[in-house]
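Where a number appears in this text, it was derived from the coordinates with a stated rule and is not lab data. Computed from a prediction, not measured in an experiment: that's the story for all the values here. Reconstructed Cβ throughout: ideal geometry from the backbone, glycine too, with neighbour counts over all protein chains shown.
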């Protein structure tokens with residue numbers, strides 16, 4: 001299985017940048033990296049996806065080093081509504097049976 | 001609202017009963033996925049379909065679990081002879097696959113199952 005490791009929790013204040021790093025040492029050549037956000041009693045929501053280098057959208061940036069063994073999700077200027085669990089997911093495009101969410105990172109944003 | 005709906009949202013059943021959950025994906029999505037999520041854990045992949053074909057089912061938890069997507073649109077997940085350990089949130093997601101590209105999954109709100 002495409003195993004990932006992330007911090008269990010992170011605390012931040014409103015307006016700060018939050019960076020969550022995910023380790024995925026056994027990522028395969030065709031795998032890509034996706035991040036999801038989940039609020040209590042809701043399904044996960046897609047944030048961003050990338051294969052290598054840097055990807056940016058309207059809500060986050062994703063940094064992936066050349067060896068692709070880790071990735072960092074960057075949330076700029078967080079607000080209270082960004083309090084959620086964030087999951088890093090390695091998507092094995094050639095073998096979905098290997099798909100595995102980790103336990104995620106609980107991010108708590110306080111005023 | 002992601003456009004993926006699940007029914008029912010909550011189900012309480014007695015041990016030993018059968019339950020069936022329904023998922024309606026986003027209409028143009030050709031892939032549909034089922035997950036199980038227990039408290040404090042990430043979603044656990046169970047199975048997925050491309051159109052009506054079930055392409056991966058080795059991760060279904062036991063032979064009591066089965067899924068169908070008969071016409072390549074909605075899907076059902078059935079659990080036979082439920083056990084207390086089956087109590088969890090069951091999530092459905094859909095996505096679009098075009099050529100070699102698989103786009104992001106859109107998750108439904110889930111069905112919370114409680115087995116008493």
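What the table below lists for this structure:
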| read-out | value |
| --- | --- |
| Dimensions in Å of the range B:18-90 - Rg and Dmax from alpha carbons | 12.1, 36 |
| In nm, spacing of pseudo-spin labels at residue A:83 and residue B:63 (7 Å Cα→C-beta vector) | 4.8 |
| Evaluated over chain A, the Cα radius of gyration and Dmax, each in Å | 13.4, 44 |
| Footprinting exposure proxy for B:95, A:79, B:58, A:70 (fewest neighbouring C-beta atoms within 10 Å first) | B:58, A:79, A:70, B:95 |
| Efficiency of FRET between residue B:14 and residue B:38 - r from beta-carbon atoms, R0 22 angstrom, step 0.05 | 0.65 |
| Residues of the range A:12-46 with amide N under 17 Å of the 7 Å Cα→Cβ point at residue B:114 | A:41-42 |
| Selected from B:50, B:80, B:41 as most flexible by GNM, with chain B as the system and alpha-carbon contacts under 10 Å | B:41 |
| Within a Gaussian network of chain B (alpha carbon springs, distance under 10 Å), most fluctuating of B:73, B:27, B:62 | B:62 |
| Virtual spin-label span in nm between residue B:26 and residue A:110, 7 Å along Cα→Cβ | 3.7 |
| Peptide B:36-42 - average C-beta neighbours from other chains (10 Å radius) | 4 |
| Averaged over B:103-116, number of beta-carbon atoms from partner chains that fall within 10 Å | 3 |
| Shape parameters for the protein assembly as shown, alpha-carbon atoms, Rg then Dmax in Å | 17.6, 52 |
| Three-way shape label, the range B:1-56, alpha-carbon gyration tensor, a/c 1.5 | prolate |
| Peptide A:6-14, shielding by other chains (average Cβ, 10 Å cutoff) | 0 |
| Considering only chain A, percent of DSSP beta bridges that pair antiparallel, nearest 5 | 85 |
| Gaussian network model of chain B, Cα within-10 Å springs - most flexible of B:47, B:38, B:82 | B:38 |
| Packing-based exposure ordering (other Cβ within 10 Å, fewest first) of A:59, A:91 | A:59, A:91 |
